[in-house]
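The values are calculated or read from the model by the stated rules, or taken from the named source; none is laboratory data. These numbers were taken from a predicted model, which means no experiment stands behind them. Cβ coordinates were reconstructed from backbone atoms using ideal geometry, including for glycine residues, and neighbour counts include every protein chain displayed.
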Amino acid sequence: MPRPRKWRKVCCLPESNRFGPLDLNVDDGNCVRMTVDEYEAIRLIDLEGFTQQECAQQMNVARTTIQGIYAEARKKLAESLVNGKVLLIEGGEYRLCDGRGNGCGRGCHRHRHGRCFAEREF
């Protein structure tokens with residue numbers, strides 16, 4: 001029996017979850033799906049400047065797990081950009097953090113409708 005997956009800690013959801021050509025319909029043939037935890041790895045490493053080790057600590061997983069998540073996310077970004085496909089960010093095995101951890105997203109929590117995303121758990 002395989003070991004159960006460990007939930008990945010995510011500090012915030014993206015403001016938008018769909019990117020790509022404006023005139024393209026979303027269907028399986030012209031769509032790339034990125035998980036929320038892949039998005040978080042890209043955000044932490046490429047935007048916030050975390051090392052892979054720091055990202056792994058922040059997301060509460062092993063560094064080797066982050067290497068795989070990050071590599072897959074970069075491949076999906078490249079496929080979307082190079083092939084002109086719509087990038088959708090959705091799903092994955094994650095939980096939103098409670099905002100109380102050290103260095104938690106460096107203040108990333110997004111608010112919509114007066115409610116912080118950190119209050120929700122998936």
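The rows are residues; the columns are (1) basic (Lys, Arg); (2) touching a Ser or Thr at 6+ places or on another chain (Cβ under 9 Å); (3) buried (at least 19 other Cβ atoms within 10 Å of the Cβ).
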{"site": "ARG8", "(1), (2), (3)": "yes, yes, yes"}
{"site": "CYS11", "(1), (2), (3)": "no, no, yes"}
{"site": "GLY20", "(1), (2), (3)": "no, yes, no"}
{"site": "ASP27", "(1), (2), (3)": "no, no, no"}
{"site": "MET34", "(1), (2), (3)": "no, yes, yes"}
{"site": "PHE50", "(1), (2), (3)": "no, no, yes"}
{"site": "ALA62", "(1), (2), (3)": "no, no, no"}
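Cβ-Cβ distances below 6 Å connect the following pairs, each with a first residue in region 20-38 that is touching a residue at least 12 places away in the same chain (Cβ under 8 Å), a second residue that is surrounded by fewer than 12 Cβ atoms within 10 Å (Cβ to Cβ), and a separation of six or more residues or different chains: PRO21/GLY84.
Got at least one residue in region 61-76 being among the charged types (D, E, K, R), at pLDDT below 90 and out of contact with any helix residue (DSSP H, G or I) (no Cβ under 9 Å at 6 or more places or on another chain)? I'd like the intermediate steps shown before the answer.
Let us first name the residues in region 61-76 that are among the charged types (D, E, K, R), namely 63, 72, 74-76.
Next, from what is left, pick out any that are at pLDDT below 90: none.
No, region 61-76 contains no residue that is among the charged types (D, E, K, R), at pLDDT below 90 and out of contact with any helix residue (DSSP H, G or I) (no Cβ under 9 Å at 6 or more places or on another chain).
When every residue of region 3-18 is checked against the conditions, none turns out to be within 22 Å of LYS85 (Cβ to Cβ) and aromatic (Phe, Trp, Tyr). Checked against the criteria, GLU79 counts as surrounded by fewer than 20 Cβ atoms within 10 Å (Cβ to Cβ) and either of a type in the set (Ser, Thr, Tyr) or farther than 20 Å from GLY99 by Cβ (or both). Taking region 17-34 as the range and being modelled with pLDDT of 90 or more and in a loop (DSSP other than H, G, I, E, B) as the test, only ASN17 passes. Taking the criterion of being modelled with pLDDT of 90 or more and either of a type in the set (A, V, I, L, M) or in a loop (DSSP other than H, G, I, E, B) (or both), the only residue of region 93-107 that qualifies is LEU96.
Pairing residues of region 61-84 that are under 23 Å from TRP7 (Cβ atoms) with residues that are at pLDDT 95 or above and surrounded by fewer than 18 Cβ atoms within 10 Å (Cβ to Cβ), at Cβ distances under 7 Å and at least 6 apart in sequence or on separate chains, gives ARG63/GLN52; ARG63/GLN53; ILE66/GLN52; GLN67/GLN52; TYR70/GLN52.
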